[in-house]
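Below you'll find the structure, written out as structure tokens, and then a few comments.
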């Protein structure tokens, strides 16, 4: 499988360069990670991804740490090494302690085990769970 190049600042087109400036300003850093440098091979996709990411990860009903933990759990489930490391670093930046990380991994491990068991045993969903998840 061919990989896309990790673009340097000198290799960016104007729209990707502008996006990188926005990322730096938003994140208060001079560092642009490899994800964005590879995605910059497709500047329109990079822009739309950045815009969606800003909306989804912004503070809301879920606080930013919880969102990072969810991102980490999905990344573990999808076996995305890059995203696991990236979002673990982001969660640590947002205050995740070693104790929190250990507890998080215990929950992910337990969920993986019980998910596999429920799937293998083909456990039907309790009707009361279905009703409670309908929302109001």
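Here are some notes:
- Among the residues making up segment 34-73, those that are closer than 14 Å to residue 15 by Cβ, surrounded by 12 or more Cβ atoms within 10 Å (Cβ to Cβ), in contact (Cβ under 8 Å) with a residue 24 or more places away in the chain and in contact with a helix residue (DSSP H, G or I) (Cβ under 8 Å, 6 or more places away or on another chain) are 40, 43, 46, 47, 50.
One line per residue, one yes/no per condition, for (1) at pLDDT below 95; (2) closer than 21 Å to residue 109 by Cα:
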site	(1), (2)
2	yes, no
22	no, no
27	yes, no
32	no, no
39	no, no
80	no, yes
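- Here residue 118 clears all of (1) more than 25 Å from the chain's Cα centre (by Cα); (2) modelled with pLDDT of 95 or more; (3) loosely packed, with under 11 Cβ neighbours inside 10 Å except the condition numbered (3).
- Selection status of residue 73, more than 11 Å from the chain's Cα centre (by Cα) and either within 22 Å of residue 36 (Cα to Cα) or at pLDDT 95 or above (or both): no
- Residue count for segment 78-106 under the criterion of being touching a residue at least 12 places away in the same chain (Cβ under 8 Å) and surrounded by 12 or more Cβ atoms within 10 Å (Cβ to Cβ): the result is 12.
The values are calculated or read from the model by the stated rules, or taken from the named source; none is laboratory data. In this text, all values refer to a predicted model and were calculated from it rather than measured experimentally. No Cβ is skipped: glycine too gets one built from the backbone with ideal geometry, and neighbour counts run over all protein chains shown.
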